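A.B. asks: What follows is a single structure, and I will ask about it in a moment.
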């Protein structure tokens, strides 16, 4: 007895399993794009974070300068370490955001021989991205900004070039794809016109391949299984973008 009329049971099983995998993968990617990052410190990192907070509070009492750090979208983001509004924000590969000085102070508390871990989720940190606001970029605190940029470059030079597993590449895709969007369309990060043109051409190639009826597995012949090669092409393109911009984090320092 055929489960799906016109298809053998083995083919139906492959179709169902493939559909479930695609749905779960898309759901995970969408969730990482849309879910708000937690601001609660992991219990195992609480002692280290408390020490960093005391250091930051003492430093803040000694010198205080106000800079408008409100996000341009009107949202209020809180640094999990200092519990203040984010100032010269940096974002980790696990989508948690910290003040630039807070993150560097936390990093300095860790052993230089061990891989750094996120104080919120305890996940391994592989790179950090600068997420400065427009007022911060236009402020006269160029010395503080330059110091944080140097710290970010130092971190990426030390850790972002390490080998990354396939699963970790998938986990990092949401952050790297948002970085790709900001670089290409918002002008963040200076990239050559040749690289920008190459990425646009590749994007158009993937787009027209997906909508074109001339596939490796045409939908008119194999039905819904023809979507598998389209999904594979999109996945390979996204992984390529992630690897490309991960490499830029090292090349730019």
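A.B. asks: Starting from the range 126-153, keep only residues that are closer than 25 Å to residue 164 by Cα, then list their pairs with residues that are modelled with pLDDT under 80 and buried (at least 18 other Cβ atoms within 10 Å of the Cβ) whose Cβ atoms are within a distance under 6 Å, requiring at least 6 positions of separation or different chains.
C.D. replies: 127/249
A.B. asks: Taking the condition on the phi > 0 side of the Ramachandran plot and outside the structural domain of residue 175 (by TED's automatic domain parsing), does residue 129 pass?
C.D. replies: Taking the combined requirement at face value, the residue does not satisfy it.
A.B. asks: If you check residue 122 against the conditions, is it modelled with pLDDT of 85 or more, out of contact with any strand residue (DSSP E or B) (no Cβ under 9 Å at 6 or more places or on another chain) and on the phi > 0 side of the Ramachandran plot?
C.D. replies: It is true that residue 122 is modelled with pLDDT of 85 or more, out of contact with any strand residue (DSSP E or B) (no Cβ under 9 Å at 6 or more places or on another chain) and on the phi > 0 side of the Ramachandran plot.
A.B. asks: I've got another one for you. Does residue 169 count as in the same structural domain as residue 248 (by TED's automatic domain parsing), surrounded by fewer than 21 Cβ atoms within 10 Å (Cβ to Cβ) and either over 16 Å from the mean Cα position of the chain (by Cα) or in contact (Cβ under 8 Å) with a residue 60 or more places away in the chain (or both)?
C.D. replies: Spelling it out, residue 169 is indeed in the same structural domain as residue 248 (by TED's automatic domain parsing), surrounded by fewer than 21 Cβ atoms within 10 Å (Cβ to Cβ) and either over 16 Å from the mean Cα position of the chain (by Cα) or in contact (Cβ under 8 Å) with a residue 60 or more places away in the chain (or both).
The values are calculated or read from the model by the stated rules, or taken from the named source; none is laboratory data. Here the structure is a predicted model, which is why all the values come from computation and not from measurement. Neighbour counts are summed over all protein chains in view; Cβ atoms, including those assigned to glycine, are modelled from backbone coordinates with ideal geometry.
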